[in-house]
1. Do the sum for the chain: with -39,500 (n - 2.57) for every DSSP H run of n ≥ 4, divided by all residues, what is the mean residue ellipticity at 222 nm, to the nearest 500 deg cm²/dmol?
2. Would any residue of the range 248-268 have its amide N under 13 Å from a label point 7 Å out along Cα→Cβ of A85? List them or say none.
3. Can you tally the net charge around E208? Count Lys and Arg as +1, Asp and Glu as -1, for every other residue whose Cβ sits under 14 Å from the Cβ of E208.
4. Could you pull out every whole DSSP H run in the chain that spans at least 24 Å of Cα extent along its own axis and averages 0.5 or higher on the Kyte-Doolittle scale?
5. When the chain is treated as a GNM, springs tying every alpha-carbon pair under 10 Å, which of Q14, Q294, Q267 comes out with the largest mean-square fluctuation?
6. Using a 1.4 angstrom probe with every protein chain in place, what is the largest-first accessible-area order of R109, R247, R216?
7. Which entry in (1) 1.19; (2) 1.45; (3) 0.98 matches Cα Rg over 2.2 N^0.38 Å derived from the coordinates of this structure?
8. Order the following by accessible area, largest value first: L42, L25. Probe radius 1.4 Å; ligands, DNA and RNA are ignored.
Amino acid sequence: RERRDVFSYQAWKQHRSTSRYFKNLVTAFSSSLARFVWIQVLACTVFAAAVWLYFEGFGVVATFFGFPAAVASAFPGHDAPAISALPFSVTVAVLSLLLVFRTNQSYDRWWEARKIWGSIVNKTRDITRQGLTRVPPQQEHLKQPITALAACFPKVLMFHLGAQDDQAKELLEKDLTRLLPENDRDTILAATHKPMTLVGCLSEKFAEAHINPIERMKADNILTDFSDYYGMCERILKTPIPLVYTRFTSRFLSVWMLLLPLALYSQTNPHFLIVPITGLIGLFLFAIAEVGIQIEEPFSILPLQSICDGIEASCFEAYELDKKKE
C-alpha cells in the first residue's frame, strides 16, 4: 500500500539522511513502484531471454542443465542480424521527452491539489475562529454546530473525491454521527453532493446568528472559497491528462522496450547479458512512467485522512478554549 505521510521534523531529518541512498537501492525491487510495474518488466525480460535463446540456440541451456545432446541439436542457434543501435539512440530522446513531460504535468496536478488542501486547512480554522468570536453569547448553542460543520467539511470532501464504497460510507457516517446534530447529519448523508450540502448547512448557521452584515459577509466569503475548493478538486479528479497522450506514451515505451534486446544482442558480450540489462532498463523506464500515473490523480496519495484529523483537532481545541472563557 502506498504510504501517505505528513512530514514532521524527524521525518525530514530521516529524509535528508545520507543513508537514504543505500536504503533506497536495497529496496528498489521491493518498492511500491516495482510492484506496480513487475508484469511489464517481466514481459520484456522474458522476450529478451527468448531473443537470446533464438540466436544462441538451446545448446548453452542444455549443457548447463545436463540435457542430452539431441535436445541441443534440435534447437540450433540462428545468425543474428546486424541491427544498429542508432534508431534507439535517436528515439530515446523522444521517449525521454514524453516521459518527462507527462511526469511534470502530473506533478503540477499533485502540487495544485496539495495547495488547495492547504487552503482548506487555513479556511476551516478561520471559519471556526469567526464562529467562536462573532456569534453573540445569547446564541452560544450555535458555536458547537458551526465548529463541527467546519471540521466535517474536509472529511466530506475527502469522501466525495474517494472511492465512495461501503467502507468509506461507514467511516463518514461514523464521523458525522460523532460530530454533528442528527438533522445536519441526515441532511448531508442523504445528499448526492455532500460538500455543497454541508456548506449550505454552515451558511444557514451563520444566517441564524445575530451578527452584523460586515462580519456575515466575511464568513460568507470563506464559504464561497469552500465552494471554489471542491470545484477545483472536481476539475482535477474528472479531467485527466489527455488520454491520447497517455496511451501513446505507453505504446511507444512498450514497443521500444520489446525491440531493445534485438539491438543489444550484437552490442553485448557475453550475449546473455541482454536479459538482465533489458530487465533493469525496463524497471526504471516503466517506473518513471508509473510515477506520472500515480501522481496524476493526487487525492489517492495525499495524506488526506491525516489532514482531516489535524483540522478536527485544531477546530475543537479552539472550541474548548472558547468554552473555558465563559
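The values are calculated or read from the model by the stated rules, or taken from the named source; none is laboratory data. Here the structure is a predicted model, which is why all the values come from computation and not from measurement. Methodologically, a virtual Cβ is constructed for each residue, glycine included, from the backbone with ideal geometry; neighbour enumeration extends over all protein chains shown. Accessible surface areas use protein heavy atoms only, side chains included; no ligands, DNA or RNA. Shrake-Rupley method; radii C 1.70, N 1.55, O 1.52, S 1.80 Å.
1. -26500 deg cm²/dmol
2. Those under the cut-off are 260-268.
3. In short, -1.
4. 32-56, 143-161, 243-267, 274-296
5. Most flexible of the set in this elastic network: Q14.
6. The ranking, largest first, comes out as R247, R216, R109.
7. Computing Cα Rg over 2.2 N^0.38 Å and matching it to (1) 1.19; (2) 1.45; (3) 0.98 gives (2).
8. Of L42, L25, the descending order of accessible area is L25, L42.
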